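Undergrad: First the structure, then my questions, so here it is.
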Amino acid sequence: MPSRNSSRPSSTKSDTARQAPPAMHLSGSGVSAGIVIGKALLIRRELPPVVEVELTPAQVPAEIRRFKRALVASEKQLVALRDRVGEIIGAKEASIFDAHLMLVADQVLGREVIATIESKRRNAEYVFAQVIEHYGKALREVRDDYIRDRLTDVQDVAARVIRNLQGREHVDLSKLDEPAIIVAHDLSPSDTAGMDRHHVLGFITSIGTRTSHTAIMGRSLRIPAVVGVAKAEIQIAQGDPLIVDGTRGVVIVHPTEEELRDYRKRIRIQARWFERIQAEANLPTETIDGFRVQLAANIELPEEVETVKQVAGVGIGLFRSEFLFIRQATLPDEEEQLEAYRAVVQEMYPQSVIIRTLDIGGDKFLSHLDTPEELNPFLGMRAIRFCLSRPDIFMSQLRAILRASAFGKVRIMFPMVSTLDELLEALDYLRQAERDLDRKGIHYNRHLDVGTMIEVPAAAVLADKLAPYVDFFSLGTNDLVQYSLAADRANPDIAYLYQPTNPAIIRLIRMTVEAAYSHAKWVGICGEMASEPLLVPLVLGLGINELSMSPVAVGLVKRLIRRIRMYEAEQLVEQAVGCETAGQVRALCEQFIQRVAPDVLQG
Ligand code: PEP
Ligand code: MG
């Protein structure tokens, strides 16, 4: 397996004449699935170099006109880009460019540049670059990831304006001459959105996360991508041959012949898989011995419904509603939320949609809310805790979800519930929201299913006390693992402790399932454990009723389930519960898959 740090194995004996550089393995987060092989095209996004020119007083008015013309040209380009993205991807993604347009039209910024051109008598690009540098410095000092991410927007717009002042061409990723894999420190939304799907084979960035705009765009365009590859733009040179595995988060620079052969084989296997999986799309999701399991999809944004409908043909088991809040500069009000939820619910009908209430905090922040900084954000004012402290925000979301329930099959669930008191308080707010709607005579589903996520160990242990108050449980195993082992899910240095196969986790899941069953409630998993092929037999044997996952994983999981016998999966769980270590459980799971579906491990 590739390590997080780069590793260069020694070169093979055969490369004697023209020694190829040894292969280098880099890793990051695979944010858009698929494997591609191609050459690196490095994109540098820093501001274009500018020179300082002193002006005579007579030259100042013309310089100001030149600056204004560059702003107008930038605005036109951005409007065109926004329209293009609107057509190709959707109106919501296109709205990212509204933030860019606002910067171009920012009166304060424009006035500051014009005043400085007048007072200092310097050329427009020089003054503009200095003002932008000042803005950038202020943004860099903010301890808020979301705001810091906006630095990319500012630099993107600044580079555009300066290029327009200098009459330079923009590097246009919609017009590449030949296929390439884009490598950059970071890519702006305009870079990604403009990408030509036929020529941009994939992309790699040094920074970014699954939730960055760039990653979201990559997934929407289905361009394989790995982000968070440390110093990618320094470690990779222009034209370097690359393999990008966007499924596993692996990048290989100067791959060996053997690696190329291996990955070409994987591409063929993936293609065949895809065909086979497509062919099985309409078969029931049931084990060999006839046990049915419900599969569902996780989404972050309404636009992803298209993918769910194409790939999966299933309902939505987790709609991470916080992304509606994160991606815009102001809080979405009740009407705006209603529109978003209604669109999803109507599109998905007759399938159901589980809308999770706002899970903000931890590593997801709202730049437009003035929340105090916390020493331990994952243990702090996150998810239901935040909502209970902000009834105004919570109530408008609850009303919007209830109202959306009039248009299809909606379920609601609360994230990160730790105690029964919290759950009861959340339910009180829900009743209050119902009364609000009753008073206004607004229609909603009075029998909406309500669930709670089980992602805090205390909730799993006391699941039997929570069960009477809900219709279902949804195990958020991403967090359950993090909180059970006290291992930050995002910290690679303690990744060895992030152990989904730890027997403690298996026991917590089993307790949750038993509590649900004893109250005749159903239980799902919407964390990554639901789609990890190795763990599917285990979760099946644990008696999970619904597995919810990224829509692209659904086909593979279905295929796997159809090769499993439930009684064997239950035996696997019995063995796992008795194990001492995560490694032992993992080995059992590997043996199981090796026996029933060895092709899954190769894919
Ligand atoms: C989880 O914790 O498993 C989960 C599905 O929620 P999130 O990943 O959004 O925290
Ligand atoms: Mg969670």
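Undergrad: List the number of the failed condition for Tyr483; all other conditions in (1) modelled with pLDDT under 95; (2) under 21 Å from the mean Cα position of the chain (by Cα); (3) not charged (D, E, K, R) hold.
TA: Just one mismatch for Tyr483, condition (1).
Undergrad: Something else: Quick check, is Ala467 of a type in the set (Gly, Ala, Ser), within 16 Å of ligand 2 (Cβ to nearest atom) and part of a helix (DSSP H, G or I)?
TA: In short, no.
Undergrad: Here's a follow-up. Filter the stretch 358-390 for residues that are assigned to a loop (DSSP other than H, G, I, E, B), within 14 Å of ligand 2 (Cβ to nearest atom), out of contact with any helix residue (DSSP H, G or I) (no Cβ under 6 Å at 6 or more places or on another chain) and touching a residue at least 40 places away in the same chain (Cβ under 8 Å) and give the result.
TA: Once the filter is applied, which keeps residues that are assigned to a loop (DSSP other than H, G, I, E, B), within 14 Å of ligand 2 (Cβ to nearest atom), out of contact with any helix residue (DSSP H, G or I) (no Cβ under 6 Å at 6 or more places or on another chain) and touching a residue at least 40 places away in the same chain (Cβ under 8 Å), the stretch 358-390 yields only Asp363.
Undergrad: Looking at (1) over 20 Å from Leu475 (Cα atoms); (2) away from ligand 2 (no atom under 16 Å from the Cβ), which is the only condition Thr419 fails?
TA: Only one criterion is unmet by Thr419, namely (1).
Undergrad: Let me ask something else about it. For residues in the stretch 391-445 being within 30 Å of the chain's Cα centre (by Cα) and among the β-branched types (Val, Ile, Thr), which is most open to solvent (accessible area, probe 1.4 Å)?
TA: Ranking the qualifying residues of the stretch 391-445, first place goes to Thr419.
Undergrad: Tell me, yes or no, whether the stretch 535-551 has at least one residue that is surrounded by fewer than 21 Cβ atoms within 10 Å (Cβ to Cβ) and assigned to a helix (DSSP H, G or I).
TA: no
Undergrad: Taking the stretch 466-494, which residues are under 24 Å from Leu398 (Cα atoms) and more than 13 Å from ligand 1 (Cβ to nearest atom)? Show your work before the answer.
TA: The first filter runs over the stretch 466-494 and keeps only residues under 24 Å from Leu398 (Cα atoms), leaving 466-476, 479.
Listed by number, the residues that qualify are Leu466, Ala467, Pro468, Tyr469, Val470, Asp471, Phe472.
Undergrad: Looking at (1) over 20 Å from Leu173 (Cβ atoms); (2) among the hydrophobic types (A, V, I, L, M, F, W, C); (3) modelled with pLDDT under 85, find the lone condition where Ala215 falls short.
TA: So Ala215 meets the others, but not (1).
Undergrad: Out of (1) open to solvent by 30 Å² or more (accessible area, probe 1.4 Å); (2) part of a helix (DSSP H, G or I), the odd one out for Arg563 is which?
TA: (2)
Undergrad: Within the stretch 32-71, take every residue that is under 30 Å from Val250 (Cα atoms) and among the charged types (D, E, K, R) and give me the one that is modelled with the highest pLDDT.
TA: Ranking the candidates gives Lys39 first.
Undergrad: Is it the case that some residue within the stretch 473-482 is open to solvent by 20 Å² or more (accessible area, probe 1.4 Å), assigned by TED's automatic domain parsing to the domain that holds Val536 and either farther than 18 Å from Asn298 by Cα or touching a residue at least 60 places away in the same chain (Cβ under 8 Å) (or both)?
TA: Checking the stretch 473-482: not a single residue is open to solvent by 20 Å² or more (accessible area, probe 1.4 Å), assigned by TED's automatic domain parsing to the domain that holds Val536 and either farther than 18 Å from Asn298 by Cα or touching a residue at least 60 places away in the same chain (Cβ under 8 Å) (or both).
Undergrad: Return yes when Phe325 is within 16 Å of ligand 2 (Cβ to nearest atom), in the same structural domain as Val293 (by TED's automatic domain parsing) and without any contact (Cβ under 8 Å) to a residue 60 or more places away in the chain and no when it is not.
TA: For Phe325, the condition - within 16 Å of ligand 2 (Cβ to nearest atom), in the same structural domain as Val293 (by TED's automatic domain parsing) and without any contact (Cβ under 8 Å) to a residue 60 or more places away in the chain - is met.
Undergrad: When the stretch 522-554 is examined, which residues are found to be among the charged types (D, E, K, R) and within 10 Å of ligand 1 (Cβ to nearest atom)?
TA: The one that is among the charged types (D, E, K, R) and within 10 Å of ligand 1 (Cβ to nearest atom): Glu528.
Undergrad: Asp488 fails exactly one of the following numbered conditions: (1) open to solvent by 50 Å² or more (accessible area, probe 1.4 Å); (2) in a helix (DSSP H, G or I). What is the number of that condition?
TA: So the condition that Asp488 fails would be (2).
Undergrad: Same structure, new question: Being open to solvent by 20 Å² or more (accessible area, probe 1.4 Å), among the aliphatic types (A, V, I, L, M) and within 16 Å of ligand 1 (Cβ to nearest atom) narrows it down to one of Ile269, Ile288, Ile326, Ile316, so name that one.
TA: That would be Ile326, the only listed residue that is open to solvent by 20 Å² or more (accessible area, probe 1.4 Å), among the aliphatic types (A, V, I, L, M) and within 16 Å of ligand 1 (Cβ to nearest atom).
Undergrad: Select, from Ile494, Ile564, Ile544, Ile506, the only residue that is among the hydrophobic types (A, V, I, L, M, F, W, C) and touching a strand residue (DSSP E or B) at 6+ places or on another chain (Cβ under 9 Å).
TA: On the way: Ile494 fails: touching a strand residue (DSSP E or B) at 6+ places or on another chain (Cβ under 9 Å); Ile564 fails: touching a strand residue (DSSP E or B) at 6+ places or on another chain (Cβ under 9 Å); Ile506 fails: touching a strand residue (DSSP E or B) at 6+ places or on another chain (Cβ under 9 Å).
Testing whether each residue is among the hydrophobic types (A, V, I, L, M, F, W, C) and touching a strand residue (DSSP E or B) at 6+ places or on another chain (Cβ under 9 Å) leaves just Ile544.
The values are calculated or read from the model by the stated rules, or taken from the named source; none is laboratory data. Remember, it's a predicted structure, so these values are computed and weren't measured experimentally. Every residue, glycine as well, gets a Cβ built from its backbone with ideal geometry; the counts of neighbours run over all protein chains shown. Just so you know, the surface numbers come from the protein's heavy atoms only, side chains and all, with ligands and any DNA or RNA stripped out. Shrake-Rupley method; radii C 1.70, N 1.55, O 1.52, S 1.80 Å.
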